[in-house]
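Here the structure comes first, spelled out in structure tokens, and everything after it is commentary.
Only the coordinates and a few stated rules stand behind these numbers; no lab work does. What you see is a predicted model, and the numbers here were worked out from it, not measured in a lab. With ideal geometry, Cβ positions are generated from the backbone for all residues, glycine too; neighbour counts draw on all protein chains shown.
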Amino acid sequence: MKQFFAVFKARNIEYYRDKGSLSWAFMFPLLVIIGCAVTFSNPDESVFKVGLYGNADSFKNIELLQQSYTKSISFEDLPKALERLQYHQLDLLISSTGDKQYWINTESSSSKAAEQLLLANSHDFTKQETSGRKIRYVDWVIPGVLGMNLMFGALFGVGYVIVRYRNNGVLKRLQATPISALQFLSAQLASRLLIVVLVNSLIFVGCHYFLNLVVLGSYINLLLITVLGGLSMIAIGLLVASRTANEELAGGLLNIATWPMLFLSEVWFSLDDSPQWLQSLADLMPLTHIVKATRAVMIDGATLAEVSHHLLWMLALTAACMAMAAYLFRWTKSS
Amino acid sequence: MDYLLQVNHLHKHYRDIKAVDDISFGIRAGTCFGLLGPNGAGKTTTIEMIEGIIPPTSGEILFKGKPRDNSFAQQIGIQFQSTALQDFLTVREVLALFDQLYNKTIASEQLIALCELGEFIDREANKLSGGQKQRLLLALALINDPAVVFLDEPTTGLDPQSRRKFWELVTTIKAQGKTVVLTTHYMDEAELLCDELIIIDHGKIIDQGSPQQLLDKHLPHKRVCIDQPANSDQTGGFDQTRLSGKIENNNGHLDIITTSVETTLHELLAQNTDLSSLRVRNPTLEDLFIKLTGHQLRD
């Protein structure tokens with residue numbers, strides 16, 4: 001164990017003295033926060049969005065839906081439609097299936113206004129109420145941004161260093177000592193995990209302070225997701241860096257690992273309307289699980305049990321990647 | 001004879017290249033054993049197979065009469081030919097890191113004093129000069145008080161002063177009873193430090209023995225060099241036919257190749273020769289290498 005802690009401590013000292021990397025680790029997320037705050041400062045839309053559940057023909061006589069300032073969106077899944085209403089992504093939900101009903105969000109003034117316009121000409125609907133705080137796009141996207149930052153910090157932070165150390169002989173010098181590949185890799189993982197969790201936590205606190213994020217779930221669960229997500233990403237980074245001494249190749253491999261995740265892990269947009277095969281592919285990626293779990297805890301108030309499948313998957317991926325990395329690990333270019 | 005380290009029929013092949021081709025030798029405890037040869041001879045490959053850094057293609061390596069096990073790494077120290085240390089760590093922190101990697105270590109103060117690291121102990125390791133870095137790497141090789149210290153071309157690229165300082169350190173280590181295994185392509189270094197050496201070229205051992213044994217065996221002759229006046233009748237000149245050794249003329253400088261320097265001197269004194277330009281040149285390992293392999297040590 002003392003070998004593990006010796007390498008762990010040395011790596012931490014190296015990191016905080018590397019002013020270039022340290023500055024970038026904090027500067028980049030800060031730029032992202034500023035960019036998000038500016039980007040999402042648009043005024044509210046004035047058009048009413050009305051969700052429709054039922055046969056399309058049954059809504060033809062509703063005058064509200066014929067107006068140019070109303071946008072109608074059909075749903076085949078009532079709970080999903082209600083969820084949209086709760087998040088203020090719909091102003092009104094009308095069902096023509098069975099008993100004619102409509103739902104409003106009591107916390108939304110647009111919803112109440114849409115209700116009045118509906119009732120002006122349609123009187124045979126039963127009122128239902130729901131409530132929910134408005135989920136802005138920034139509330140939805142920040143979990144993705146946090147996950148993305150975790151990914152870059154973990155993958156590139158650990159991968160490049162190991163490849164460079166293999167290239168210039170630092171690893172060879174360590175190979176000549178009694179430390180094992182698993183001890184060395186574990187110390188790298190622990191050191192990088194400490195850094196990415198700390199940085200991500202600070203970014204979360206900063207975002208929460210400046211953007212007043214929706215956080216319905218437990219902060220402890222968010223921390224746990226960050227830790228397990230960080231572990232899985234670092235393990236992938238260690239696996240990528242396990243054999244090559246070519247920094248360009250390592251960079252290429254890391255980009256191959258990160259760019260698909262960036263676009264398919266629901267960081268910027270949902271894949272709900274995408275083909276099933278694409279969603280299945282995305283579910284293989286650790287960033288998808290980090291983002292979905294974080295979003296579920298923050299926006300839906302999900303419990304630990306409700307996100308446990310994401311956590312277990314990240315844990316399994318960590319174990320598999322670490323085992324492969326230790327098995328494939330080369331101390332030198334030619335060993 | 002009991003050897004501390006023994007290598008039997010060692011081979012290392014890389015596709016079509018035989019880097020090490022059937023090498024066998026034994027190293028006695030407490031000696032400085034040298035592997036001498038030009039670049040690409042197979043010295044580093046051989047030593048790294050013994051260290052456990054690279055696996056042999058075939059062959060046997062014994063430590064204290066038995067195959068090496070996990071405890072071998074605790075009992076050896078290694079200084080590689082070219083290596084780097086962690087960025088942003090000071091010399092003190094590097095010593096502290098390596099101190100924790102072994103079960104038994106020497107006190108840092110002792111190492112700092114031995115290798116004279118005090119003047120730059122708090123400087124970052126990647127900001128050291130060549131000589132300073134080599135002394136730190138030697139300290140790391142000694143940190144676990146090893147029985148065997150492997151030094152792979154430790155003075156390559158150093159200035160003469162740094163080289164001499166390093167040689168003093170190696171002499172001190174030898175005096176402590178440690179076994180030193182040294183690779184070098186500097187014949188002066190091999191002659192000064194090594195008790196026994198093998199000459200390697202193209203992956204094979206050309207010959208083995210102490211430096212003096214090898215020289216006596218292959219190059220028993222010495223060269224007595226003297227400048228011959230243009231006219232042998234001039235005062236201070238001499239009659240070459242009255243010398244017993246073979247004469248070689250190098251543009252007015254005469255090399256008298258002889259097995260006995262005393263005999264040659266008597267012959268010159270008998271002719272009242274002017275000895276002011278006299279020089280005696282002993283054969284070097286470079287001469288030996290050329291004789292054994294047909295090319296220079298640094299081709």
- Message: Order these by the 10 Å Cβ neighbour count, fewest first: A:Phe75, A:Phe263.
- Response: A:Phe263, A:Phe75
- Across peptide B:88-98, what mean number of C-beta atoms from other chains lies inside 10 Å of a residue's C-beta? 4
- Value of [θ]222 nm, deg cm²/dmol, for chain B, DSSP H segments ≥ 4, -39500 (n - 2.57) each, nearest 500: -9000 deg cm²/dmol
- Task: Quickly estimate the mean residue ellipticity at 222 nm for chain A, helices only: each DSSP H run with n ≥ 4 gives -39500 (n - 2.57), and the total goes over all residues, rounded to 500.
- Result: -21500 deg cm²/dmol
- Report, in debye and to the nearest 20, how large the dipole of the protein assembly as shown comes out about its Cα centre when Lys and Arg carry +1 and Asp and Glu carry -1 on their Cβ. 660
- Message: Taking 35 Å as R0, compute the FRET efficiency from the Cβ-Cβ separation of A:Tyr69 and A:Leu216 and round it to 0.05.
- Response: 0.65
- Task: Report, to two decimal places, the Cα Rg of region A:48-130 normalised by 2.2 N^0.38 Å (N = number of residues).
- Result: 0.94
- Query: How large is the dipole of region A:48-130 about the Cα centre if only Lys and Arg carry +1 and Asp and Glu carry -1, each at its Cβ, rounded to the nearest 20 debye?
  - Reply: 160
- Can you give the alpha-carbon Rg of chain A over 2.2 N^0.38 Å, where N counts its residues? 1.23
- Query: Under the definition of partner shielding as Cβ atoms of other protein chains within 10 Å of a residue Cβ, what is the mean value for peptide B:71-83?
  - Reply: 3
- Message: Between region B:74-113 and region A:221-268, how far is it from one alpha carbon centroid to the other, in angstrom?
- Response: 32
- Hypothetical label at B:His9: residues of region B:31-63 whose amide nitrogen lies under 16 Å (7 Å Cα-Cβ projection): B:56-62
- Just counting partner chain Cβ atoms within 10 Å, what average do the residues of peptide A:170-182 show around their Cβ? 6
- Task: Please state the charge dipole magnitude for chain B, taken about the Cα centre, from unit charges on C-beta atoms (+1 on K and R, -1 on D and E), reported in debye and rounded to the nearest 20.
- Result: 460
- Say the dipole of region B:84-147 comes from +1 at the beta carbon of Lys and Arg and -1 at that of Asp and Glu; which of B:Thr90, B:Gln100, B:Asn126 then lies farthest toward its positive end? B:Asn126
- Query: Please state the relative contact order of chain A as a whole percent: Cα pairs under 8 Å, 6+ residues apart?
  - Reply: 19
- Environment charge of A:Leu239, counting only residues whose C-beta is closer than 15 Å and scoring Lys/Arg +1, Asp/Glu -1: +4
- Message: With bins 10 Å wide starting at 0, give me the P(r) of the protein assembly as shown over every alpha carbon pair, in whole percents.
- Response: 3, 13, 17, 16, 13, 11, 8, 6, 6, 4, 2, 1, 1, 0, 0
